[in-house]
Amino acid sequence: MGYDHDLLSSGRVTRVVKACGDPVKDAGVMEEAGEIIKKGGLVAIPTETVYGLAGNALDPNASRKIYEAKGRPSDNPLIVHIARMEDLDHIVKKVPKAAVKLAEKYWPGPLTMIMEKADVVPYETTGGLDTVAVRFPADPVAQEFILAAGGYIAAPSANRSGRPSCTTAGHCIEDLDGRIDMIIDGGEVCIGLESTIVDLTGDVPCLLRPGYISLESLRDTLGQVTADPAISAGADMAEGIHPKAPGMKYRHYAPKGELTLVRGNAADVIRKINSLTQELKKNGKKAAVISSTDNAGRYSCDNVMDIGSSEDEDEIAHRLFAVLRKLDDMEVEYIYSECFETPKLGQAIMNRLEKAAGHRIITV
Ligand code: TXA
Ligand code: MG
């Protein structure tokens, strides 16, 4: 390995390179990144949802390495990313009609579809399942990379298992420096929440993970779509409900501090949180509040994280994971958050927050 002055002076081990989405300017970076993947290595890449930790989806060893780098249980399957519609046939047994309809409307984009896997996809990639999750991301850097790397990329979110997903290259450095071969810095992601996942292997399509594309939008396109009861049941606490997406059973995104959500009308929520944080301060504990811009000035707590205007749900989604990471950096012991039940993204935002809170919710 050659010596890179920037690497040595930063103390970093993994090489970080920039890409902008222009195929001419990015050609050198993509050639290098593609070579790493073809040799069985790992590269963190931007997508429009969150950063992904990429390896060759058709190479069982690469998938094993992904689990190891993330510290992720190997029964939790990886999403296979493609960058050309015609590549779908190669990795699934058959393409259901519903998949064609959804792909026409939402691909490339933040939608993952589950289908029967073809033999070429190893069980190491699908966590032992006979089905495979497939996504065609919209981010131009992701597309250039997938094509340069051979067309089939397994990529879970690039966070270490249990941490909030990465929305910047800096987050990937925090979690994966020294554990992977390269990080491609494409700037901040656009959406900030992971893709919507829909299972197309049953009689009726089923939403497994809410995301930027809402259940209502899926129903507009397909007619009947069910939702996995585990999404809203607090399933990792309740007995007897097993999420169909294995990853949904784990306690994701858990901040180091104890997070509690407070639900109710704004005045009551503010009063409750102020009384809780004042009590904690008296006892010498460090607390923080996650607030909408609208209410941020009304909390007496020393640490108020403004997550965005309640009128701007895209902004709230976009900032959510960075706010949770910041609270870890600040080493707060207790966190209270407002609930953001916004019209379109509310289900996806609250799904992440409820998981982060281990389903600890106070209703006032
Ligand atoms: O936006 C995204 O989807 C990002 C970017 C990088 O594309 N990826 C992502 O991957 O969020 P990950 O691994 O963090 O989450 C994938 C989820 C997990 O909950 C996993 O259990 C589920 O998808 N999943 C994957 N394959 C599945 C399958 N065959 N059947 C059911 N669930 C599956
Ligand atoms: Mg993840």
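Below, the figures for the structure above:
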read-out	value
Near pairs, Cβ below 7 angstrom, 6+ apart or cross-chain, from the stretch 110-128 (closer than 14 Å to A62 by Cβ) to any residue that is open to solvent by less than 20 Å² (accessible area, probe 1.4 Å) and part of a loop (DSSP other than H, G, I, E, B)	V121/A57; T125/A57; T125/L78
Within the stretch 191-212, considering residues that are away from ligand 1 (no atom under 11 Å from the Cβ) and assigned to a loop (DSSP other than H, G, I, E, B), the one surrounded by the fewest Cβ atoms within 10 Å (Cβ to Cβ)	D203
Verdict on V141 being over 14 Å from the mean Cα position of the chain (by Cα), open to solvent by less than 20 Å² (accessible area, probe 1.4 Å), within 11 Å of ligand 1 (Cβ to nearest atom) and farther than 20 Å from E315 by Cβ	no
Residue match in the stretch 102-109 (condition: among the aliphatic types (A, V, I, L, M) and either within 17 Å of the chain's Cα centre (by Cα) or surrounded by fewer than 17 Cβ atoms within 10 Å (Cβ to Cβ) (or both))	no
In the stretch 144-168, the residues that are away from ligand 1 (no atom under 12 Å from the Cβ) and under 14 Å from the mean Cα position of the chain (by Cα)	T168
In the stretch 135-154, the residues that are away from ligand 2 (no atom under 16 Å from the Cβ), of a type outside the set (G, A, S) and under 25 Å from M248 (Cα atoms)	F136, D139, Y152
Given (1) out of contact with any helix residue (DSSP H, G or I) (no Cβ under 9 Å at 6 or more places or on another chain); (2) modelled with pLDDT of 95 or more, number of the condition P246 does not satisfy	(2)
Filter pass, G178 being away from ligand 1 (no atom under 15 Å from the Cβ), open to solvent by 10 Å² or more (accessible area, probe 1.4 Å), in the same structural domain as Q224 (by TED's automatic domain parsing) and closer than 22 Å to E31 by Cα	yes
Exclusive hit being open to solvent by 30 Å² or more (accessible area, probe 1.4 Å), more than 19 Å from S337 (Cα to Cα) and either touching a Leu at 6+ places or on another chain (Cβ under 8 Å) or modelled with pLDDT of 95 or more (or both), set N283, N265	N283
Any hit, the stretch 324-332, residues being in a loop (DSSP other than H, G, I, E, B), touching a residue at least 12 places away in the same chain (Cβ under 8 Å) and under 21 Å from the mean Cα position of the chain (by Cα)	no
Helices (runs of 4 or more DSSP H) wholly inside the stretch 66-149 that include at least 1 residues being within 19 Å of L207 (Cβ to Cβ)	97-106
Residue list for the stretch 155-173, restricted to those being within 15 Å of M248 (Cα to Cα), crowded, with 24+ Cβ neighbours inside 10 Å and more than 9 Å from ligand 2 (Cβ to nearest atom)	P164
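The values are calculated or read from the model by the stated rules, or taken from the named source; none is laboratory data. Given the structure is predicted, the values throughout are model-derived calculations rather than measurements. Note that each Cβ is placed from the backbone with ideal geometry, even for glycine, and that neighbours are counted across all protein chains shown. To get the accessible areas, we keep the full protein, side chains included, count just its heavy atoms, and leave off ligands, DNA and RNA. Shrake-Rupley method; radii C 1.70, N 1.55, O 1.52, S 1.80 Å.
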